[in-house]
Amino acid sequence: VSDDDERLGASSLQKFHGEDLTHSYRIKTQQDELREWCSEAIAEKERAKAQTAQEEMEFAMSMMEMDMLKTQLEVSARGARKATTSAVAEYNIALAQAKKERERAAQIAEVQDNVEEIQNNLASTVLTEDPSMGHSFIAPNRLRPDHYKGMSVAEQQAILAEQAAQAALKLERAAAIKAQSAAIDSELEYLRQMRCQTEAQVSLKRAEMRKMVQEENKQLSEQQKASKRYLDKVVYPGKIEDHYFNQFNTTSR
C-alpha cells in the first residue's frame, strides 16, 4: 500500500499533509549511517592513539639520546676545563716566578745605580761648599749660576752694613715724619681754636643784629599804629563802622 495504489478510487483519501510513509526506512538508514560513523570514529581514535603513543615513544628515545649526548659533552667539558685550569695555573706560576726574577734584578740594578750615584756625588764638586767652584773659568770675576755656592764673609758683612744703614735711615725718616705730623697737628689745633673764637664772635654779632632788628620792627610797628590812629581820627573821621552794614536785611522795609 502506498500513496499511488491503483486499486483505490478517486474518492479515496490516499495522501495526507504531514504523512511520512518512509519513516521506518529513513530511521533504519540513519541508524546504519550512525553505526558506521561511530565505527569509523572509534577506528580513527585508535589510530590517533597509536600514533600518539608511537610519537611519545620516539620522543622519549630522542630525549634519552640527547641526555646521553649531554652527559658525554659535560664529561668532556669538565675534562677540558680541568686541563685548561691546570695549564693556566702552571702558566700563572711561571709568570709569577718570572716577575719575581725581574723585580729582583730591577732591585739589584736600582741599588747599584744608587750606590754609584752617591759615590759620584761624593767624589764630584756638586755637593762641595767651595766658593771657588762658583767662579767662571773663563772670567774669574763672573759667577756661574749653576755652580754658585753662596756669598763670602766679606760680601755678607757688606750686606749687613748696608742693612744697618738702611735701618738707621728708616729711623731718621720715621722721626722726621713724626715731627712733621706733630707740627701739622699743632697747626690744626690752632686753626680749630681760632675757628671756635670766630664762631663765638659771629654768634654774638648775630644776636646783636637780631636785637637791633627787633627794636627797629618795634619802632615801625608803633609808627604804623600812630599813623593809623591819625588817619582814623583826623583824616577820615566819618568812617562807616561795621554795625552800619550789619543792620541791612534785618527788617521788612
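The values are calculated or read from the model by the stated rules, or taken from the named source; none is laboratory data. A quick note: this is a predicted structure, and the numbers were derived from the prediction, not measured. Counting neighbours? That spans all protein chains shown, and the Cβs are built from the backbone with ideal geometry, glycine included. Note: accessible area is taken over every heavy atom of the protein model, side chains too, but ligands, DNA and RNA are not part of it. Shrake-Rupley method; radii C 1.70, N 1.55, O 1.52, S 1.80 Å.
Remarks
- Of the residues contained in region 111-127, one or more are found to be under 30 Å from R144 (Cα atoms), hydrophobic (A, V, I, L, M, F, W, C), out of contact with any Gly (no Cβ under 8 Å at 6 or more places or on another chain) and not in a helix (DSSP H, G or I).
- Any hit, region 133-147, residues being touching a strand residue (DSSP E or B) at 6+ places or on another chain (Cβ under 6 Å) and either at pLDDT 80 or above or open to solvent by less than 100 Å² (accessible area, probe 1.4 Å) (or both): yes
- Count - residues of region 86-119 that are among the polar types (S, T, N, Q) and open to solvent by 100 Å² or more (accessible area, probe 1.4 Å): 4
- For Q157: the one exception among (1) open to solvent by less than 100 Å² (accessible area, probe 1.4 Å); (2) under 60 Å from the mean Cα position of the chain (by Cα): (1)
- Of note, A164 satisfies the criterion of being in a helix (DSSP H, G or I) and modelled with pLDDT of 85 or more.
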